[in-house]
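The values are calculated or read from the model by the stated rules, or taken from the named source; none is laboratory data. Being a predicted model, the structure only gives us computed values, none of them experimental. Cβ: placed from backbone, ideal geometry, glycine included. Neighbour counts: every protein chain shown. Remember, those area values only see protein heavy atoms, side chains included, never the ligands or the DNA or RNA. Shrake-Rupley method; radii C 1.70, N 1.55, O 1.52, S 1.80 Å.
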Amino acid sequence: MHLSTLALPLLAASVDAQLHKLAKQAGLKYFGAATDTPGFRERAGLEAAYEQYNAIRDDTNEFGQTTPTNGQKWLFTEPERGVFNFTEGDVVADIAENNGQILRCHALVWHSQLAPWVEQGTWTAEEVEQIIVDHITNVAGYYKGKCYAWDVVNEALEEDGSYRKSVFYNALGEDYIKLAFKTAAEVDPTAKLYYNDYNLESPSPKSRAAVNIVKMLQAEGIKIDGIGMQAHLVADRAATLDDQIAVIESYAATGVEVAYTELDVRLFTPNDEEKLALQKEVYRNSTGACVQTEACVGITLWDFYDPFSWVPYVFEGEGDALLWFEDFEKHPAYDGVVEALTNGTKPCKPGKGRGKGKGKGHKRSNKLF
Ligand SMILES: *[C@@H]1O[C@H](CO)[C@@H](O)[C@H](O)[C@H]1NC(C)=O
Ligand SMILES: *[C@@H]1O[C@H](CO)[C@@H](O)[C@H](O)[C@H]1NC(C)=O
Ligand SMILES: *[C@@H]1O[C@H](CO)[C@@H](O)[C@H](O)[C@H]1NC(C)=O
């Protein structure tokens, strides 16, 4: 009799969990969520939530993949020149390893959350080259073999498709991108190397510039494997399903894979039924675009629990961007994701008539279940 009362909560947790399981059945490699040392940099005072939070995060039926939201960024990994610290990055790398989850690693060269010493120094071009090479050699070297993918260069583009003026760009021009990918390929040859950015979810000057980065690297024989669409979306002005499919196809035409790397869909708080219904449709559209395109390998939420989201800290008055509310009730958007994951399977071959019946859908193999 004790047995049944004890077993119930465990059973309830695992029966509900399904996003990664369904994603695999739909032909994706993973459905995951980024995480951090809980409470470390997000809202404090939620220690009581950790147990429930961890149970969801560690359930591989729900999440088959994770990413450190912060711990592998330059600010934490090389806070002083030549001083490397992997304590924070290891928190999440260890979670992935213990759970048997795919690890996406994030991010090697980025202008933001950069250690102050890089930005405040006055460097020659040669010094900036050395700084990039040393950073990638040490950080990607330390995590070698553990990362399914690395976001090698993050947010190099402006909205009009021009390059962002960063400490890296100002010193080296677009050559810094080549150097970063070339170095990462040498240091960790098995990791998929990604260019990652926001507002890449519909065709635009920026999305075309991302395609040009891929082509520039390919023209020089430098390895690039993927484009990461961060997908920090806004419920009432998100890219449509059709636009997301179109932009993914434009990336896929260069031969690279594609992933949703930081998906969240924010709304103006307080939420109401209408806003949550719109959010559900946006989650369904993004998930649907990944399912309907051969090139899209997976989806990562930027955390999954609203109180641990970055959104309220950066966008005043906005929030509720993830799939679990503070009380651990699921958003209606959770069902939107499920609907898209159970609405069909990936096309078997790139370019084969999506939605035209023939050529659509893998045979479901037993091992997917
Ligand atoms: C490394 O980072 C951790 C976590 O941020 C910090 O507690 C620790 O003091 C750092 N180690 C060194 C040697 O600075
Ligand atoms: C979802 O995508 C469809 C098809 O492209 C579009 O008509 C609809 O407006 C999108 N919904 C939202 C909320 O963006
Ligand atoms: C669901 O499948 C239909 C038929 O293939 C497709 O037209 C529709 O866009 C899909 N919806 C989503 C959200 O992926």
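Please state which one of ALA149, ALA184 is buried (at least 24 other Cβ atoms within 10 Å of the Cβ), farther than 27 Å from LEU233 by Cβ and in contact with a Leu (Cβ under 8 Å, 6 or more places away or on another chain).
ALA184
Here are the criteria: (1) assigned to a helix (DSSP H, G or I); (2) in contact (Cβ under 8 Å) with a residue 40 or more places away in the chain. Tell me which single one GLU186 does not satisfy.
(2)
From GLU294, GLU257, which residue is open to solvent by 50 Å² or more (accessible area, probe 1.4 Å) and among the charged types (D, E, K, R)?
Values: GLU257 fails: open to solvent by 50 Å² or more (accessible area, probe 1.4 Å).
One residue alone meets the criteria, GLU294.
Which residues, counting only those in region 298-308, are within 16 Å of the chain's Cα centre (by Cα) and either in a loop (DSSP other than H, G, I, E, B) or surrounded by fewer than 24 Cβ atoms within 10 Å (Cβ to Cβ) (or both)?
Within region 298-308, TRP302, ASP303, PHE304, TYR305 meet the criteria.
Given the structure, is GLY161 part of a loop (DSSP other than H, G, I, E, B), more than 16 Å from ligand 1 (Cβ to nearest atom), within 30 Å of GLU127 (Cβ to Cβ) and open to solvent by less than 40 Å² (accessible area, probe 1.4 Å)?
Criteria met by GLY161.
Say whether the condition of being within 14 Å of ligand 2 (Cβ to nearest atom), within 20 Å of SER207 (Cα to Cα) and crowded, with 23+ Cβ neighbours inside 10 Å is met by at least one residue in region 264-282.
Yes: one or more hits.
Residue under question is ASP225, and the condition is that it be modelled with pLDDT of 95 or more, farther than 24 Å from ALA180 by Cα and away from ligand 1 (no atom under 16 Å from the Cβ); does it hold?
So ASP225 does not fit the description; no.
Could you tell me which of the residues ALA340, ALA321 is in contact with a Gly (Cβ under 7 Å, 6 or more places away or on another chain), under 19 Å from THR240 (Cα atoms) and either at pLDDT 95 or above or away from ligand 3 (no atom under 16 Å from the Cβ) (or both)? Write out each step before concluding.
On the way: ALA321 fails: in contact with a Gly (Cβ under 7 Å, 6 or more places away or on another chain).
After applying the criteria, what remains is ALA340.
Pairs only if they're at least six apart or on different chains, beta carbon under 6 angstrom, first in region 281-298 and farther than 12 Å from ALA235 by Cβ and more than 8 Å from ligand 3 (Cβ to nearest atom), second among the acidic types (Asp, Glu) and not in a helix (DSSP H, G or I); list them, first residue then second.
ALA295/GLU257; VAL297/GLU257
So the check is Cβ under 6 Å with 6+ separation or different chains; which pairs have a first residue in region 50-72 that's open to solvent by 50 Å² or more (accessible area, probe 1.4 Å) and a second one that's in a loop (DSSP other than H, G, I, E, B)?
Partner pairs satisfying both residue conditions: TYR50/PRO38; GLN52/PHE328; ASN61/ALA17; ASN61/GLN18.
For region 189-213, which residues satisfy the criterion of being surrounded by 17 or more Cβ atoms within 10 Å (Cβ to Cβ), among the polar types (S, T, N, Q) and assigned to a helix (DSSP H, G or I)? Working first, answer last.
Of the residues in region 189-213, the ones surrounded by 17 or more Cβ atoms within 10 Å (Cβ to Cβ) are 191-202, 204, 206-207, 209-211, 213.
Filter once more, keeping what is among the polar types (S, T, N, Q): 196, 199, 202, 204, 207.
Matches in region 189-213: SER207 only.
Would you check which residues across region 216-257 are in a loop (DSSP other than H, G, I, E, B) and under 22 Å from LYS29 (Cα atoms) and list them?
Passing the criteria: LYS223, ILE224, ASP225, GLN230, ALA231, ALA253, THR254, GLY255, VAL256.
Could you please find all residues in region 98-145 being in a helix (DSSP H, G or I) and closer than 17 Å to THR300 by Cβ?
Passing the criteria: only ASN99.
Based on this model, can you work out whether TYR260 counts as in contact (Cβ under 8 Å) with a residue 40 or more places away in the chain and assigned to a strand (DSSP E or B)? Even if it seems obvious, please write down each step before you answer.
Values: in contact (Cβ under 8 Å) with a residue 40 or more places away in the chain: yes; assigned to a strand (DSSP E or B): yes.
So TYR260 fits the description; yes.
Across region 51-98, what is the total count of residues that are in contact with an Asp or Glu (Cβ under 7 Å, 6 or more places away or on another chain) and within 11 Å of ligand 1 (Cβ to nearest atom)?
4
Counting just the residues of region 98-130 that are loosely packed, with under 15 Cβ neighbours inside 10 Å and closer than 21 Å to LEU193 by Cβ, which one comes out farthest from ligand 3 (Cβ to nearest atom)?
GLN130
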